[in-house]
Amino acid sequence: MLAKANRITRGADYRATVRKGARFTADNTIAYVRPNADPDVVRFGFIVSKTVGNAVRRNLVRRRLKAAAYEVLPALRESAGTVGGVDIVIRALPASAEARWATLHEELTRAVSRYVRRSSTR
């Protein structure tokens with residue numbers, strides 16, 4: 001489970017990340033990544049709309065995404081020296097309802113690694 005310090009809780013932060021963040025698309029998710037003001041904090045937010053399925057299916061997808069984010073968090077903390085603090089919002093697409101945890105984890109890992117590579121070259 002992600003600690004409260006690692007979660008985006010304000011709607012304004014969600015909107016800013018989705019509107020101004022770098023966008024990384026995959027088959028089941030879209031990840032938006034944006035630097036935040038605190039260089040040591042990595043925060044995640046999740047958007048799972050009704051198009052994914054009923055409440056049971058949406059919660060399952062959200063739990064899988066949270067577990068994947070928890071696995072990716074240590075790698076992001078290690079690269080915080082080069083990248084700094086980031087906000088990551090993950091939007092689940094309707095196909096994510098049938099996706100396995102490993103697939104979602106791989107998509108999130110790929111998005112984060114692409115962002116780290118992009119940020120380190122700047």
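A few notes on this one:
- The sole residue among LYS50, LYS20, LYS4 that is at pLDDT below 95 and over 14 Å from the mean Cα position of the chain (by Cα) is LYS4.
- Where SER113 falls short, out of the listed (1) assigned to a helix (DSSP H, G or I); (2) under 22 Å from THR9 (Cβ atoms); (3) open to solvent by less than 50 Å² (accessible area, probe 1.4 Å); (4) not hydrophobic (A, V, I, L, M, F, W, C): (2)
- Tally of residues being within 19 Å of ARG34 (Cβ to Cβ), open to solvent by 10 Å² or more (accessible area, probe 1.4 Å) and not aliphatic (A, V, I, L, M) across the stretch 67-95: 6
- Candidates in the stretch 97-110 are the residues that are in a helix (DSSP H, G or I) and of a type in the set (D, E, K, R); of these, the one that is least open to solvent (accessible area, probe 1.4 Å) is GLU107.
- If only residues of the stretch 1-15 that are of a type outside the set (S, T, N, Q) and in contact (Cβ under 8 Å) with a residue 40 or more places away in the chain are counted, the one that is surrounded by the fewest Cβ atoms within 10 Å (Cβ to Cβ) is MET1.
- Yes/no for ARG57 being open to solvent by 10 Å² or more (accessible area, probe 1.4 Å), farther than 18 Å from GLU106 by Cα and in a strand (DSSP E or B): no
- Subset of the stretch 24-49 that is open to solvent by 20 Å² or more (accessible area, probe 1.4 Å) and of a type in the set (A, V, I, L, M, F, W, C) - its residue that is nearest to ILE88 (Cα to Cα): PHE46
The values are calculated or read from the model by the stated rules, or taken from the named source; none is laboratory data. Because the structure is predicted, anything quoted here is derived from the model rather than measured. Virtual Cβ from ideal backbone geometry, glycine too; neighbours counted across all protein chains shown. Heavy atoms of the whole protein, side chains included, go into the accessibility calculation; ligands, DNA and RNA do not. Shrake-Rupley method; radii C 1.70, N 1.55, O 1.52, S 1.80 Å.
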